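To keep things clear, I will list the structure first and then write my remarks on it.
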Amino acid sequence: MASLLFVAAAAQEPAELKVLIHERHFYAFPALEQVAREFEAAHPGVRVHVLSSASAAGAHEKTRFMLAGGIPLDVTWIDVTELAAYLAEDVLVDLQPYFDADPGWNPDDYFPQVLDGMRDARRHLYGLPSTFTPYVMYVNETLLAREGLAVPPDWSWEQFHELCRRATRENQWGLELTLWLQPLAPWIWQNGGRFLDEHGRCALDEPAAVEAIAFLHRLVHQEQVARPVPFEGQIQFGLFQAGKAAFYGPVGYWETYRFQSIREFEWDVVPLPRHKEAATAIAMRFYCVPAVSRHPQLAYQFVRALGGDAMQRELARIGNGVPGLKRAAASADFLKPGVAPESEHVFLDVLPAARFLPVLSNWKEIEELTKAEFQDCLLLGKTSPAEACARVAAATNDFLDREADLRRRPFLPGWLFAAALCSGAAALAGALLGALRRRPARLAAREERAAWLFLAPWAAGCALFLAGPAAVSLLLSLSEWSPLRPLSAARWMGLDQYRRLAGDATFQDSVRVTAQYALFAVPLQLIAALGLALLLNRRFRGRNAFRTLFYLPTILSPVVLGAVWRWMLDADDGLFNDALACAGVRGPDWLGDPSWILPAFVLLSLWTVGAQMLVFLAGLQAVPPSLQEAARIDGAGAWRRLWHVTLPAISPLLLLNLVAGIINAFQLFAQPYVMTQGGPGNESRFLALYLYEQGFRFLRMGYASTLAWALFLIVLALTLLVLRSSTRWVHYAGAPR
Amino acid sequence: MNPERGFARWSHRALLLALAAAFVLPFLWLISASLQPEGKALGRGLFAFPDGVHLENYPTALQIMGDPKVLIFNTVVLTLACVLGQLFCCSLAGYAFARLRFRGRDTLFLLVLATMMLPPQVLAIPQFLLFKEFGLIDTFGPLILPTVLGGAPFFIFLFRQYFLTIPHELAEAARMDGCGFFATYWKVMLPLARPVVGTVAVFTFLATWNDFWAPLIYLNSEDKQTLTLALATFNQTYRIAVEWLMAGTAVVLAPCVLVYFLSQKFFLRGVRLSAGKG
């Protein structure tokens, strides 16, 4: 076999394996390092380089960048819902021949349902599981006991419904309902519904699916015994964790880890209640070998090591998820007697009824699209279940058509992108030649040459690092390309990409949300920044300390900001609502209520005006005191001095802050990314976030570029408008002549 | 400044203190959260410790982040290089746009503004491909080069706007004294622009210190990690280790705040000098 030759070759020359894996769990990284060191000991001459950001956020993006750049990568991990996209792009090594040639390989060591998730249409296996989880229900046993209730074995929807009703009272709910597609799937399946019909079209508008959604809709809206999780932000602290919900789910194993810190009540896991048939969904990540690997045989062996006993047991022990290796799942490492939840075996018991969602290329986009529609119905109550299901089906079918259409499009020649990348440098050379050839009058020529020398570093950088990439992105906006592939795999779409904007409801939602945000955030930020700067623009003791303090929030990372903000805006225990309660006002659910989510982001933006404040302060300090003095002697009051002396004097900086504020508002990305991921519905799906999702999550870099240029044009138009008007209100002491 | 009357003075101080409280609260919470036990950082009030104070979060966080010597060295080198690069490129360009006459100046300036509006998310991959062609992956090149060559459009804008507020007479006088274009910029205008130099330096310092995205994408080796990249370790898929993240943040932030606070003396002197001359 060819692979045996590989082994022989690999044994002779030193090889380096590059590994990029981002496990859910914190302590998975040391375990990974351990496996790597053991692998090195067992394979002399091999070095395993575990990329150090492997446990960092953004490893996902990093994988994309490495694959797009053709940077060697030998072992990585992907989510099972992404498999089809990776297969469609042909970027994974088919490991089946390696498994076949491996005498130590026995598929029966693993749960068959789990291995099936990693196979292609030919049933070839592409990897081994890290850990997986079926969706189950979490139960607050203390709460149920207090209400005199208990979960019956093998419970039905009716029994579940009854328990939810009886557990609900003031400030306490029956169910905290998860709302993205994977946890919604079990309800649909259990009612006999399906995602795709026999022709591969979306079947979510069939009665069985609509009924299931209607059941949940009744729990949430008519009976108000369930409260949906508003969004899947990264920073969560929900009803269940606060002891205010009897049930939480459907949700996976990962929460057991998060809930370890609960001391206030006893909790456990139970199978989902069953209806017409038993069903649940599985979430899973698995280790695989990208096609760019230079040592596929060694990489395969490393995948085997990762799926082997030591790593699987360690992952189980630290609580990363359910191990795919049967031995590890049956061990005390996973079952953890004496540690909550008591019933880990539930995760194994429900396996026979567990299924994967249909794996379609670019499932992520369908997932996101359906999530927003279902949130509109179940969370916001904007649409009825029938409407929501019809819209989901229509949107999904639309999407499937577009995918089919994409495969018929012609490829773009790769040299076109190379040319675009170099176009910046070419333009620079052309501009320089043009400038040198013309000879204007002598004095002006000297000034002009000086100006170009002053501008040289900027121009060079602009041409090298900006013009080329911008040209590439312009070209991409007229084509479609997955960042998993080299640029030569891009397909030409032409203006169809821009036409798509007109019919893209998510795009229109995001434009509306972003514009609304900018309308409030930009002027309020200016006022706040100017106010702070004016307060600081006098000499007094402690002034430096105040200035440092006001500037501080801007330097916090979005994740920290998000965590702090999550706490400040909490509906029940948050600082804002506590303060409002002191004033006798009952505060809103800032992050859960769609009408309060934008005000929450505007508030957050006011807290980070430090940079604008510093700019104003620099300007204020340059206003000659003599001007103020003269106005004072003329008898001008404080307001008139501000209006007629100070503001005109700093108006160039006002313009600067205004323009920068508009741009920043339209490019707002990190805060919604960390805090809300766009929810509830599309209410915080800012343009930059949607653009990012298209490019990096849905792997549609072409359409992402289209969105980027649309965003660019919007901001450009606004800026030009502001600049045009600025000649009336901006005064320059040393105006350009 | 003139001595203030009692009421104005006290209302000013009171307002400042109230605002300061609003700004400092989140940091108090940050400290408080960094002392909570594992998994308890969210959902606890300010300085409420029913499970005791967990100082050990600090050593744990530091240990997970990696070798502090390497992290600090890399971060400091990177930050200094970027500050110098940014000041060099942006002050020159800003000056040219504000004070020198050349054909196409206004169009070019619009171009500077336009580059600010390109969403960074979408330029990232083409830029990455470019730096890969240059063989600069896993070096500091992709992080430093764009500041020395190119600079941030916002800072160019800032310098230009500031230079525009300086009266023409000063530059004219320098010209009379026989200064060339560069000497006028270097000896007269740049010293006058100290508040902006300070502002840009502080902005760049903090932005570089806190940048996580570029190091994540471009740096692979262990010996090239930066502090902020190491902080991101606490951000997991399904759970952010909030208490460690807060402890790590406090540690990473402390030198930053200190530098900023101390640099103000220098910064203020510059302001007074320029105000006196103006």
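The values are calculated or read from the model by the stated rules, or taken from the named source; none is laboratory data. What you see is a predicted model, and the numbers here were worked out from it, not measured in a lab. Here Cβ is always computed from backbone atoms with ideal geometry, including for glycine, and neighbour counts include all displayed protein chains. Surface accessibility is based on the protein's heavy atoms, side chains included, excluding ligands, DNA and RNA. Shrake-Rupley method; radii C 1.70, N 1.55, O 1.52, S 1.80 Å.
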Only bridges with both residues in chain A count here: give the DSSP antiparallel percent, nearest 5.
60
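Filter the GluC sites (Glu not before Pro) in segment A:262-362 down to the DSSP loop ones having no more than 13 other Cβ atoms within 10 Å, then list what survives.
Sparse-neighbourhood loop GluC sites (Glu not before Pro): A:E264, A:E277.
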Cα-Cα over 29 Å: which of A:K18/B:K40; A:K371/B:K224; A:K18/B:K132?
A:K18/B:K40; A:K371/B:K224
For A:E38, project a label point 7 Å along Cα to C-beta. Then give me every residue of segment A:88-122 with its amide nitrogen under 11 Å of that point.
none
Expressed to two decimals, segment B:66-234 has a Cα Rg over Rh, using the Kirkwood radius, of 1.05
Taking all protein chains together and a probe of 1.4 Å, list A:H345, A:H60, A:H161 from the most accessible to the least accessible.
A:H345, A:H60, A:H161
Could you list which residues have their amide H under 5 Å from that of A:L360, counting only those 5 or more apart in sequence or on another chain, with H placed in the peptide plane?
none
Candidate span helices, chain B: DSSP H, at least 15 Å along axis from Cα coords, Kyte-Doolittle average at least -1.0, result B:6-34, B:68-99, B:105-117, B:120-133, B:153-165, B:194-210, B:242-277
Farthest toward the dipole's positive end in the protein assembly as shown, which of B:A207, B:A183, B:L110, given Cβ charges of +1 (Lys, Arg) and -1 (Asp, Glu) about the Cα centre?
B:A183
Test of understanding: extend the Cα→C-beta vector of A:A145 to 7 Å, then name every residue of segment A:241-273 with backbone N under 13 Å from that spot.
A:264-268
What percentages make up the Cα-Cα pair-distance distribution of segment A:414-487 when the bins are 10 Å wide from 0?
18, 37, 24, 14, 6, 1
To the nearest 10 Å², what's A:W77's accessible area with a 1.4 Å probe?
10
Interface size A-B, as summed buried accessible area [1.4 Å probe, Å², nearest 100]
12000
For A:R274, the net charge from surrounding residues (Cβ-Cβ under 11 Å; K, R +1; D, E -1) works out to -2
Regarding segment B:22-75, what's the average projected area of the Cα-atom convex hull, expressed in nm²?
4.8
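Run the dipole for segment B:66-234 about the Cα centre, Lys and Arg Cβ at +1, Asp and Glu Cβ at -1, nothing else charged, and hand back the magnitude in debye, nearest 20.
Value, rounded to 20: 520 debye.
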Amide hydrogen neighbours beyond the local backbone of A:L17, cut-off 5 Å, H modeled:
A:R47, A:V48, A:H49
Using a Förster distance of 45 Å, how high is the FRET efficiency between A:C422 and A:A291, based on the Cβ-Cβ distance and rounded to 0.05?
0.95
What is the set of long-range amide H partners of A:F111 at a cut-off below 5 Å, with H atoms built 1.01 Å from backbone N?
A:K326
Chain A - mean residue ellipticity at 222 nm from DSSP helices (-39,500 (n - 2.57) per run, n ≥ 4, rounded to 500):
-16000 deg cm²/dmol
Among B:G248, B:V76, B:L42, whose Cα lies farthest out toward the positive end of the dipole of chain B, if unit charges sit on the beta carbon of Lys, Arg (+1) and Asp, Glu (-1)?
B:V76
Across 10 Å bins from 0, what is the distribution of all Cα-Cα pair distances for chain A, in whole percents?
2, 12, 20, 23, 20, 13, 7, 3, 1, 0
Among B:W10, A:W590, B:W213, what's the order by accessible area (1.4 angstrom probe), most exposed first?
B:W10, B:W213, A:W590
Give the residues of segment A:492-531 whose amide nitrogen is closer than 19 Å to a point set 7 Å from the Cα of A:D401 in the direction of its Cβ.
A:493-508
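Let me spell out the model: positive unit charges on the Cβ of Lys and Arg, negative unit charges on the Cβ of Asp and Glu, origin at the Cα centre of the protein assembly as shown. What dipole size does that give, in debye rounded to 20?
5600
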Taking a 1.4 Å probe, which of A:H199, B:H54 shows the most accessible area, and what order do the others take after it?
A:H199, B:H54
Mean Kyte-Doolittle hydropathy of 1.0 or higher plus an axial Cα length of 20 Å or more: which whole DSSP H helices in chain A meet both?
A:414-437, A:505-536, A:594-607, A:651-666, A:701-729
Evaluate the Kirkwood expression for the hydrodynamic radius of segment A:348-398, namely the inverse of the mean inverse distance over all pairs of different C-alpha atoms, and round to one decimal in Å.
12.3
